[in-house]
Amino acid sequence: MASVRFDNVTKKFGEFVAVHDFNLEIRDKEFLVLLGPSGCGKTTTMRMVAGLEEATSGDIFINSDRINDVLPKYRDVAMVFQSYALYPHLSVEDNIGYPLKIRKVPPEEYKRRITEVARRVELDTMLKRLPKELSGGQRQRVALARAIVRTPRVFLMDEPLSNLDAKLRTQMRAELKHLQHELQVTTIYVTHDQIEAMTLAHRVAVMNRGVIEQLGTPREIYNDPRTLFVAGFIGSPPMNLIPGEVKDGVFASAGLRVGGAGHVSIPRAVLGVRPEDVHVVNPEDPDVNLVAPIYSVELTGENTLVSLQLGGRLMTLRADKNFAGQIDQRVGTRIETDRMFLFDAETERRVDIQN
Amino acid sequence: MATIRTRSRGREMLLRLSAYLTILVALILTLFPVYWIAANSFKFDIDIFAVPPEWLPRNPTLKHYDEAFIQRPFLRYALNSFLVAAGTTAISVTFGTMAGYALARFSYPWQWRKQISFWILSTRMMPPIVSIIPLYLFFNYFDMLNTKSALIIAYTAFNLPFATWMMKSYFQDLPVELEEAAIVDGDTRWGAFLHVALPLARPGLAATAIFCLIISWNEFLLSLVITLTEQSQTLPIGIAGRVTQYKTYWGEISAAGFMACVPIVIFAFIVQKHLVRGLSLGAVKG
């Protein structure tokens with residue numbers, strides 16, 4: 001049972017502000033993902049909860065306890081490191097048991113808990129091995145086991161899956177999600193991988209340059225990005241962001257005209273539209289938004305990614321897997337205007353479109 | 001294809017042969033003096049200077065061992081050397097490890113980490129002979145001349161900076177997350193040092209220890225100035241003492257010199273496994 005709260009937390013390294021006036025409440029049992037590019041302050045934020053970094057100002061609470069000045073050992077949090085940080089000189093069993101040994105857990109209970117946790121992460125046959133004798137996925141499991149062996153108040157996970165190969169990552173992602181659901185422990189998870197964030201999180205905090213750009217459920221973040229940064233960061237392939245001008249509800253850019261933006265006018269605007277919200281239509285179609293030559297066609301299996309040449313940039317759209325267009329062929333596209341976003345390039349914030 | 005393969009195989013053979021030859025020459029150059037000392041220690045005085053040289057002792061004798069270790073106090077010197085070297089090594093490694101850890105891990109305001117590190121290293125920059133007179137006066141003032149403690153203190157002053165730097169670079173090569181993990185797992189800073197950093201630094205400890213040991217075991221200059229009595233003099237001084245005004249006792253010198261090599265060689269063999277990894281420091285991640 002634990003919630004974590006940041007009240008106006010700032011962290012500076014010398015003159016560099018890593019985390020700026022940070023406010024966030026992570027609810028009990030919640031799986032919260034801090035998502036952002038490297039250097040955005042997400043790991044620093046997590047390390048402040050662990051007690052590995054000190055906040056320069058502001059308060060951090062676990063439940064109602066202010067933990068700024070509490071030693072890490074009394075915070076009762078567990079952390080999984082990106083590098084796993086397994087103790088190389090200790091066996092799997094001793095690695096998992098380390099937190100228990102430090103807390104002087106009696107031998108029978110020590111044995112029982114290690115066996116139980118090892119079985120849960122399927123390491124029960126490898127307890128005597130050294131970390132270097134394990135595969136990447138197994139090491140990852142040891143790191144997890146070491147974190148869950150003592151049911152802490154909060155789990156902290158620092159890009160725990162980034163060292164695994166793609167297939168294993170997908171599998172461990174599912175296991176992690178299941179485990180968190182089963183254990184019901186508040187979790188803060190740091191990643192730069194937006195797919196991990198989307199799939200794992202109850203809520204995602206998208207961070208950039210030390211501040212939260214947007215906080216919301218994965219669905220909100222995806223369907224309702226509040227800033228240009230969030231719009232560009234979430235989604236794969238990313239959202240098309242096309243600079244242009246909006247005059248009385250009509251967006252215009254080189255070769256592209258899209259109406260349906262109510263009556264707004266933005267002198268320097270950016271149109272955002274996701275690849276799946278752009279459709280290939282007959283160039284002669286009356287509601288065609290753009291006619292452009294095809295730059296590349298990539299079949300992904302379930303569908304086809306088509307890039308069109310638009311001025312000096314590319315616009316990507318997701319077409320049917322049976323799409324048969326050729327490179328340089330001119331095709332028409334229609335943008336779903338109720339699924340498009342307009343951003344003010346000055347403020348980088350979204351402008352609401354009233355229809 | 002076939003000709004190319006044979007040619008490259010011939011080249012390979014040639015390369016390997018020249019490598020072995022080089023190693024052989026190096027081995028002869030380094031090991032021959034040791035062999036010569038050993039051989040001479042078993043010869044009668046007259047045979048030591050035989051022309052042509054007597055490559056193998058024709059009439060082997062233990063006479064010089066008897067002279068050195070039974071009649072003269074070389075066992076005593078050896079004991080002194082051992083106590084001084086062990087004491088110096090223990091103190092240098094203990095404090096060097098802790099200082100090295102502190103320099104590697106803790107944060108310092110401004111540039112203090114660099115300044116302190118350089119200051120520690122700078123004490124090794126002058127030639128040892130420069131400090132001899134101050135050290136002599138210092139030990140004289142505290143009435144410590146002719147004591148093994150004086151030697152231990154003096155040697156530690158020379159070994160500690162070295163041990164600190166060596167352990168510092170060793171700790172810097174250990175991933176810091178391991179200790180962070182220990183701290184989050186509930187350990188204290190001291191506990192993380194003791195349970196995680198120190199066991200992982202074993203190769204570094206071994207390398208540092210053997211260097212300290214060799215330096216104090218072989219040290220001559222300070223010991224010559226600070227100690228005059230049989231109770232405090234070390235092996236190198238004892239051995240040099242057999243070069244007298246009238247005669248140089250080559251047999252005794254050889255016997256004592258050969259025996260003086262033995263403990264270091266044995267110790268090096270014991271820690272060899274760690275030594276190689278300790279010396280390569282960052283090159284091989286543990």
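When the range A:133-174 is filtered for residues that are under 17 Å from A:Val117 (Cα atoms) and within 17 Å of the chain's Cα centre (by Cα), the ones remaining, listed by number, are A:Phe155, A:Met172.
Quick grid of which residues meet (1) surrounded by fewer than 23 Cβ atoms within 10 Å (Cβ to Cβ); (2) of a type in the set (A, V, I, L, M, F, W, C); (3) farther than 30 Å from B:Tyr136 by Cα:
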{"site": "B:Ala157", "(1), (2), (3)": "yes, yes, no"}
{"site": "B:Leu160", "(1), (2), (3)": "yes, yes, no"}
{"site": "B:Asp173", "(1), (2), (3)": "yes, no, yes"}
{"site": "B:Ala181", "(1), (2), (3)": "no, yes, yes"}
{"site": "B:Leu194", "(1), (2), (3)": "yes, yes, yes"}
{"site": "B:Pro199", "(1), (2), (3)": "yes, no, yes"}
{"site": "B:Pro203", "(1), (2), (3)": "yes, no, yes"}
{"site": "B:Phe211", "(1), (2), (3)": "yes, yes, no"}
{"site": "B:Trp217", "(1), (2), (3)": "no, yes, no"}
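Of all residues in the range B:182-204, those satisfying the criterion of being more than 8 Å from every other protein chain (Cβ to nearest Cβ) and out of contact with any helix residue (DSSP H, G or I) (no Cβ under 9 Å at 6 or more places or on another chain) are B:Trp190, B:Leu194.
Let's see how each residue does on (1) more than 30 Å from B:Val265 (Cβ to Cβ); (2) crowded, with 17+ Cβ neighbours inside 10 Å; (3) of a type in the set (S, T, N, Q):
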residue	(1), (2), (3)
B:Thr89	no, yes, yes
B:Ile120	yes, yes, no
B:Leu137	yes, no, no
B:Asn140	yes, no, yes
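Within the range B:195-210, the residues that satisfy the criterion of being within 23 Å of the chain's Cα centre (by Cα) and in a helix (DSSP H, G or I) are B:Leu198, B:Pro199, B:Leu200, B:Arg202, B:Pro203, B:Gly204, B:Leu205, B:Ala206, B:Ala207, B:Thr208, B:Ala209, B:Ile210. Return the residues of the range A:309-345 that are polar (S, T, N, Q) and either in contact (Cβ under 8 Å) with a residue 40 or more places away in the chain or not in a strand (DSSP E or B) (or both); say none if nothing qualifies. Within the range A:309-345, A:Thr316, A:Asn322, A:Gln326, A:Gln329, A:Thr333, A:Thr337 qualify.
All told, A:Lys12 meets the bar of being modelled with pLDDT of 90 or more, within 14 Å of another protein chain (Cβ to nearest Cβ) and surrounded by fewer than 16 Cβ atoms within 10 Å (Cβ to Cβ). The set of residues in the range A:201-241 being among the polar types (S, T, N, Q), surrounded by fewer than 19 Cβ atoms within 10 Å (Cβ to Cβ) and over 13 Å from the mean Cα position of the chain (by Cα) consists of A:Asn223, A:Thr227. Residues of the range A:248-266 that are modelled with pLDDT of 80 or more and closer than 23 Å to A:Leu314 by Cα: A:Val250, A:Phe251, A:Ala252, A:Ser253, A:Leu256, A:Arg257, A:Val258, A:Gly259, A:Ile266. Looking only at the range B:182-194, decide whether some residue is assigned to a helix (DSSP H, G or I) and within 25 Å of B:Thr234 (Cα to Cα). No, because not a single residue in the range B:182-194 is assigned to a helix (DSSP H, G or I) and within 25 Å of B:Thr234 (Cα to Cα). The one condition from (1) over 26 Å from B:Ala207 (Cβ atoms); (2) part of a helix (DSSP H, G or I) that B:Gly257 does not meet is (1). Checking each residue in the range B:158-181 for being within 14 Å of another protein chain (Cβ to nearest Cβ) and either touching a Gly at 6+ places or on another chain (Cβ under 7 Å) or on the phi > 0 side of the Ramachandran plot (or both) picks out only B:Asp173. A:His178 meets the conditions (1) surrounded by fewer than 18 Cβ atoms within 10 Å (Cβ to Cβ); (2) touching a Phe, Trp or Tyr at 6+ places or on another chain (Cβ under 9 Å) in every case but one. The failed one is (2). Every listed requirement among (1) out of contact with any helix residue (DSSP H, G or I) (no Cβ under 7 Å at 6 or more places or on another chain); (2) at pLDDT below 90; (3) closer than 27 Å to A:Glu213 by Cα; (4) surrounded by fewer than 17 Cβ atoms within 10 Å (Cβ to Cβ) is met by A:Glu276 save one, (2). Here B:Leu213 fits the description: under 15 Å from the mean Cα position of the chain (by Cα) and either under 27 Å from B:Pro263 (Cβ atoms) or not polar (S, T, N, Q) (or both).
Please go through the range A:294-308 and give me each residue that is over 20 Å from A:Glu336 (Cα atoms) and either touching a strand residue (DSSP E or B) at 6+ places or on another chain (Cβ under 6 Å) or part of a strand (DSSP E or B) (or both), ordered by number. Within the range A:294-308, A:Tyr295, A:Ser296, A:Val297, A:Glu298, A:Leu299 qualify.
The values are calculated or read from the model by the stated rules, or taken from the named source; none is laboratory data. Note that the coordinates shown come from a computational prediction; the quantities given were computed from them, not determined experimentally. All Cβ positions, glycine included, derive from the backbone under ideal geometry; neighbour counts span all protein chains shown.
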